[in-house]
Amino acid sequence: MRVSPPPIELSDRQRELLARVVEEYVETGEPVGSKTLVHRLGLAIAPSTVRSELAELERLGLLTHPHTSAGRVPTERGYRYHVDRLLERLEPRRPGAFQLDLTTLRSEVESALQATTEMLSQATRLLALVSAPRLEADAVRHVEVLLLQPEVAMVVVITSGGGVTKRVFAFDTPVDPGLANWASQYLNDQLAGVQLGSSLLQRRLADPGLSVRESEFIEALHPLFTELVGEQEQRLFVGGAAGLLDDLRGDELDRYRGLLELLERRRALLDVLAGAFDPRRPFVRVGGELAHPALRDLALVGAAYGLANRSLGAVSLLGPVRMDYEHAIRSVRSAASELSRFSEDLFGPN
């Protein structure tokens, strides 16, 4: 189990210097020295004072200096401290508008998630990951029972997320066409608007008021609804891999070899997101906080989206530890807020 280091108390001046070092290093990729902080960034602090404070920040493990360079760069712990202050400052604010109108997509969940992924990756030049709601979050929209042959029936289920599932059932004796028509009407009356993964659906399928013939027929179709959820693996939309590689420096490329391999295994990426997930607030995981070895030199920024009473998925950005965290946090919060509004219209109460 990873043990968190004790909290660090910094003065206002030290916090400002650390933030300036992080921001400058993120922008330039070059170690930041006291002269840069005083002259280029315009800090009204004597150079000797800046050098002394930088040395203290280094002693606290928030900064380090590569080789013999006089400049400093943030450590993983320094990024963590900087990110925590950003989250404290940004979280109470209302998320900004996300530059994508999802209302035109109406019930097309996959199109909305794909559009969100593409917009996020374009806006940040980072790898965008958006996990789709699990199928149990979908509600039944329409059910059709069709006779293909006297002894063979096909059941079609359309869900609120736009999914269509078909299953064929074979019976030992011919099925009365009137029974099949009744089943279509009955299942629509009982299940329309009911979530696939809910106990209410199970209760609606076990109606004690049905005749023996009706009950046996519905019972034969029951597995379609109970097994449907378990058979579906959660989907993950990924975008921006090419753009991310375009912006990397030569010494950063090796760190992404494992990530490129991981991208081919969506299940592993979903496990990473599940381990980082926080449904209550935006989350940031830096370097070693990501358990997967392929991600130890990267950072993950994300936010949950969903309904008022439950989360449906997460919007995340994956990129170098040297990233613009404020822009990334603002971006995922805005995208998650837009997806939550979309989800409320689609999955919320009618």
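Within segment 148-161, if we keep just the residues that are surrounded by 17 or more Cβ atoms within 10 Å (Cβ to Cβ) and farther than 15 Å from Leu187 by Cβ, the residue that is modelled with the lowest pLDDT turns out to be Gly161. Criterion applied to His39, His82, His67 was being modelled with pLDDT under 85 and in a helix (DSSP H, G or I), and the one residue passing it is His39. Here Arg281 fulfils each of the conditions (1) within 27 Å of Arg77 (Cα to Cα); (2) at pLDDT below 85; (3) surrounded by fewer than 19 Cβ atoms within 10 Å (Cβ to Cβ) apart from (2). Flag not set for Val229, criterion: modelled with pLDDT of 65 or more and aliphatic (A, V, I, L, M). On inspection, Ser199 passes the criterion of being closer than 30 Å to Phe237 by Cα, of a type in the set (Ser, Thr, Tyr) and not assigned by TED's automatic domain parsing to the domain that holds Val109.
Given the criteria over 30 Å from Ser343 (Cα atoms) and either exposed (fewer than 12 other Cβ atoms within 10 Å of the Cβ) or assigned by TED's automatic domain parsing to the domain that holds Ala112 (or both), does Asp172 qualify? Yes.
The set of residues in segment 11-28 that are over 13 Å from Tyr79 (Cα atoms), of a type outside the set (Ser, Thr, Tyr) and within 29 Å of the chain's Cα centre (by Cα) contains only Glu27.
The values are calculated or read from the model by the stated rules, or taken from the named source; none is laboratory data. Everything numeric here is computed off the predicted structure, so don't read it as measured data. Cβ: placed from backbone, ideal geometry, glycine included. Neighbour counts: every protein chain shown.
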